[in-house]
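Chemist: This structure is in structure tokens; I'll ask about it shortly.
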Amino acid sequence: MSAATLHPSSTPAAAPASSGRPLPRRSFVRDTRIVLVRELQPVVRDPFSLVFGLVQPLVFLGLFGPLLAGSAGGTLGGDVWLWFVPAVLAMTTLFGTSVTGSNLQLDLSSGVHERMLVTPLSRPAQLVGRALKEMVPIVAQSAIVVLVMLPFGLRPDPIGVVLTLLQLAVLGIGVGSLSYALALAVRKQEWMFWVVQQTVLFPVMLLSGMLLPLETGPAWMRAVSSVNPLRYVVDSGRAAFAGDLASAAVAWGWVAAVATAVLGLVVGVRAMVRSAD
Amino acid sequence: MIRTQALTKDFVVSRTSTVHAVRGISLDVEPGELVAVLGPNGAGKTTTLRMLTTLIPPTSGTAQVAGYDVVDRPDRVRAAIGYVGQGGAGGASQLVRDELVTQGEIYGLDRRAARSRAGELLEALDLTEQAGRKVESLSGGQKRRLDVAVGLVHEPSLLFLDEPSTGLDPHNRANLWDHILRMRTAAAEPMTIVLTTHYLDEADTFAERVIVVDHGQVIADDTADALKAELAGDLVTLRVAPAHATALAAVAERAPGTRSVRVETVTESSGAPVSAVEIRTADGPGGTPGLLRAADAAGLTVSRVDVARPTLDDVFLGLTGRSLRETAVVDTPRGEPAEGGISTSSTDERATTERATDNDTTKKEVLA
């Protein structure tokens, strides 16, 4: 990260006439806002695009939820929806944000990314602004899923829902950043993006206990899942939906979400700063 | 405006192979110049541009752009320059106007000023009707005009254009150039423009200075006219019966201003073989009457005279022994049609294919 791009530069004593205009004040926050607004404009203009992201969670809720209720209902301790809906929200977050790097791939193969790199826009802001945008579809889609499930008997703790949506938004910043970092890392072999994304996605999903409880799995699976941040976010969502807001599970969920976000942003910013050659 | 010293760029491809894309380019571009960098694909044009626009650091050498070193003060360079890359600058799902407003904000305008600047540019580049449309719905020519508008939002004193008209049809190329030249002179001080191109006529018609690059080095640097006069010269082709060819070649050798003489055998439309004596000379239109009188005096009957002014391709051919056109066709990466691409020994055909989109000022035909 170059400090010079984040702070207003002092004018050199002998600025040549050709570039005598003073540099505009640069602020990281302003640059991030510019990128964020630009990324959000198409979403806001065409909110229907968010609906496509809802197909998958609704399929799982409609076609997997009843199976779960039938086969594992007894072991889940009561309400299947309180157990499964938070997991589906985490799944939506994971799927939605892990593919977002493909948007950057479009900008890499056209001239959009290059255009931005030639402007004085801060490079870290170009990553952070994009990553923050991920929060909007996550919160919007999750809220819709919760509302859709209310008529089917979902009765979550309202504060727990709000907290879970926020936690997923933070997780999404991290996963989205990692997806952007991946797109930047494989920009010379674009197809690698999908290979890596798919290879990572399904193990992470299955090892989070999203679809079936890990408690019934073998010990090695439980051990591996203990280093999967998504598992803590899923557990946190279940606790929060059930109204158990002060539980250790919720606290660990925040630790995992924030850690993912920090890791994602660090990796993503590094990839962005080096993305010109 | 631009000053480079022995600029080089190596790309390490693998442990055993390194591509020397740019091998020591030293350049000076003064404020207000319009410079075309010409060369076959892979010559190092784009790599040089990417160094000058702070996208990639040089391997060695220095470059000052708009008064600042590209490595030490990229922020200063970026604030001063405009850049129109080979790819499109507009995001597919963005609205045309939004992209210009965003670009204005990036350069420090507030939203209101950015909107008004966007309006000016939309008008100037004939995009007002498309302002509310998505970039993906624009035609090729409209997209390219948007790219130029995006590069001009902050009224840069120096504009880089990387193959601005590649992929456009002749009509849209001419239209784009109208806009570029108008924007250039509309600025308070004429904008300095550096463009790369592999369209010869584009460099010839619009650039005040042509820098020819090959294998990562500058091999010629002057006005198009000077390059053509010094490095190629005019081509006078005299047709004569095969029996007289050698004698006519000898006459031509002795004529003032002659640089080289070549004899080719061609077949006329009637089917009869005829010899074409090709004379490279400093002044074709001025020297030809004398040449014809000398031929007459020697009893040689010239049946046809062509005087062709040289093209930049002749310059490149003279410099490297290769045709820029052939090289470009072989190396064209995205399969875009590099127009022409045919090289024949007939002067007539060559002149017409090469200059198909140009007006006829470069070629004068005299029937004897």
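Chemist: Assess whether B:Leu27 counts as being closer than 26 Å to B:Leu200 by Cα and assigned to a strand (DSSP E or B).
Modeler: yes
Chemist: Then there's this: Show me the helices (runs of 4 or more DSSP H) entirely contained within region A:208-277 in which 3 or more residues are on the phi < 0 side of the Ramachandran plot, crowded, with 22+ Cβ neighbours inside 10 Å and small (Gly, Ala, Ser).
Modeler: A:229-241, A:248-273
Chemist: Given region A:65-150, what helices (runs of 4 or more DSSP H) lie entirely inside it while holding 1 or more residues that are at pLDDT below 95 and within 12 Å of another protein chain (Cβ to nearest Cβ)?
Modeler: Per the criteria, A:101-109, A:112-118, A:123-133.
Chemist: Looking at region A:12-44 only, could you name the residues that are surrounded by fewer than 12 Cβ atoms within 10 Å (Cβ to Cβ), at pLDDT 60 or above and within 9 Å of chain B (Cβ to nearest Cβ)?
Modeler: A:Arg25
Chemist: Here are the criteria: (1) without any contact (Cβ under 8 Å) to a residue 60 or more places away in the chain; (2) closer than 14 Å to B:Arg304 by Cβ; (3) in a strand (DSSP E or B). Tell me which single one B:Leu248 does not satisfy.
Modeler: Unmet for B:Leu248, out of (1) without any contact (Cβ under 8 Å) to a residue 60 or more places away in the chain; (2) closer than 14 Å to B:Arg304 by Cβ; (3) in a strand (DSSP E or B): (3).
Chemist: Ok, one more. Test A:Leu50 against the criterion of being within 14 Å of another protein chain (Cβ to nearest Cβ) and either in contact with a Pro (Cβ under 6 Å, 6 or more places away or on another chain) or aromatic (Phe, Trp, Tyr) (or both), and give yes or no.
Modeler: It is true that A:Leu50 is within 14 Å of another protein chain (Cβ to nearest Cβ) and either in contact with a Pro (Cβ under 6 Å, 6 or more places away or on another chain) or aromatic (Phe, Trp, Tyr) (or both).
Chemist: Among (1) touching a residue at least 40 places away in the same chain (Cβ under 8 Å); (2) within 14 Å of another protein chain (Cβ to nearest Cβ); (3) farther than 15 Å from A:Glu114 by Cα; (4) of a type in the set (Gly, Ala, Ser), there is one condition B:Ser14 misses while meeting the rest; what is its number?
Modeler: (1)
Chemist: Right, here's the next one. Pick out the one residue from B:Glu230, B:Glu339, B:Glu264, B:Glu253 that is part of a strand (DSSP E or B) and either at pLDDT 80 or above or not small (Gly, Ala, Ser) (or both).
Modeler: The match here is B:Glu264.
Chemist: Continuing with the same structure: Please pick out the residue among B:Ser116, B:Ser165 that is under 24 Å from the mean Cα position of the chain (by Cα) and either in the same structural domain as B:Thr46 (by TED's automatic domain parsing) or crowded, with 21+ Cβ neighbours inside 10 Å (or both).
Modeler: B:Ser165
Chemist: Looking only at residues that are more than 7 Å from chain A (Cβ to nearest Cβ) and of a type in the set (Val, Ile, Thr) in region B:82-104, which one is farthest from the chain's Cα centre (by Cα)?
Modeler: Checked region B:82-104; the qualifying residue farthest from the chain's Cα centre (by Cα) is B:Val101.
Chemist: Go over the candidates B:Glu99, B:Glu105 one by one and state the one that is touching a residue at least 40 places away in the same chain (Cβ under 8 Å), charged (D, E, K, R) and not in a loop (DSSP other than H, G, I, E, B).
Modeler: None of the others qualify; the one that does is B:Glu99.
Chemist: Let me ask another. Determine which member of the set B:Arg50, B:Arg76 is more than 22 Å from B:Leu195 (Cβ to Cβ), modelled with pLDDT of 90 or more, outside any loop (DSSP other than H, G, I, E, B) and within 11 Å of chain A (Cβ to nearest Cβ).
Modeler: Unique residue meeting the criteria: B:Arg76.
Chemist: While we're here: Does A:Val186 satisfy being of a type in the set (Val, Ile, Thr), buried (at least 16 other Cβ atoms within 10 Å of the Cβ) and farther than 26 Å from A:Val162 by Cα?
Modeler: yes
Chemist: Looking at region B:55-73, which of the residues that are hydrophobic (A, V, I, L, M, F, W, C) and closer than 17 Å to B:His154 by Cβ is nearest to the other protein chains (Cβ to nearest Cβ)?
Modeler: The residue in question is B:Ala66.
Chemist: Just wondering, is there one or more residues in region A:157-169 that are in contact (Cβ under 8 Å) with a residue 24 or more places away in the chain, within 18 Å of A:Leu230 (Cβ to Cβ) and outside any helix (DSSP H, G or I)?
Modeler: Looking for residues that are in contact (Cβ under 8 Å) with a residue 24 or more places away in the chain, within 18 Å of A:Leu230 (Cβ to Cβ) and outside any helix (DSSP H, G or I), one finds none in region A:157-169, hence no.
Chemist: Within 13 Å of another protein chain (Cβ to nearest Cβ), buried (at least 18 other Cβ atoms within 10 Å of the Cβ) and touching a residue at least 24 places away in the same chain (Cβ under 8 Å), is that true of B:Leu176?
Modeler: Here the answer is no, as B:Leu176 does not meet what is asked.
Chemist: Still on this structure, please answer the following. B:Thr185 versus (1) among the polar types (S, T, N, Q); (2) in contact with a helix residue (DSSP H, G or I) (Cβ under 8 Å, 6 or more places away or on another chain); (3) not in a strand (DSSP E or B): which is the lone unmet condition?
Modeler: The failed condition is (2).
Chemist: Right, here's the next one. Would you tally the residues in region B:1-55 being surrounded by fewer than 18 Cβ atoms within 10 Å (Cβ to Cβ) and aliphatic (A, V, I, L, M)?
Modeler: Adding up the residues that qualify gives 4.
Chemist: Then there's this: From B:Ala188, B:Ala224, B:Ala229, B:Ala220, grab the single residue that is hydrophobic (A, V, I, L, M, F, W, C) and crowded, with 22+ Cβ neighbours inside 10 Å.
Modeler: B:Ala224
Chemist: Yes or no: B:Thr197 out of contact with any His (no Cβ under 8 Å at 6 or more places or on another chain), in contact (Cβ under 8 Å) with a residue 24 or more places away in the chain and among the hydroxyl-bearing types (Ser, Thr, Tyr)?
Modeler: It is true that B:Thr197 is out of contact with any His (no Cβ under 8 Å at 6 or more places or on another chain), in contact (Cβ under 8 Å) with a residue 24 or more places away in the chain and among the hydroxyl-bearing types (Ser, Thr, Tyr).
The values are calculated or read from the model by the stated rules, or taken from the named source; none is laboratory data. Since the model is a prediction, treat every value here as computed from it, not as a measurement. FYI the Cβ positions are ideal-geometry reconstructions off the backbone, even for glycines, and counts take in every protein chain you see.
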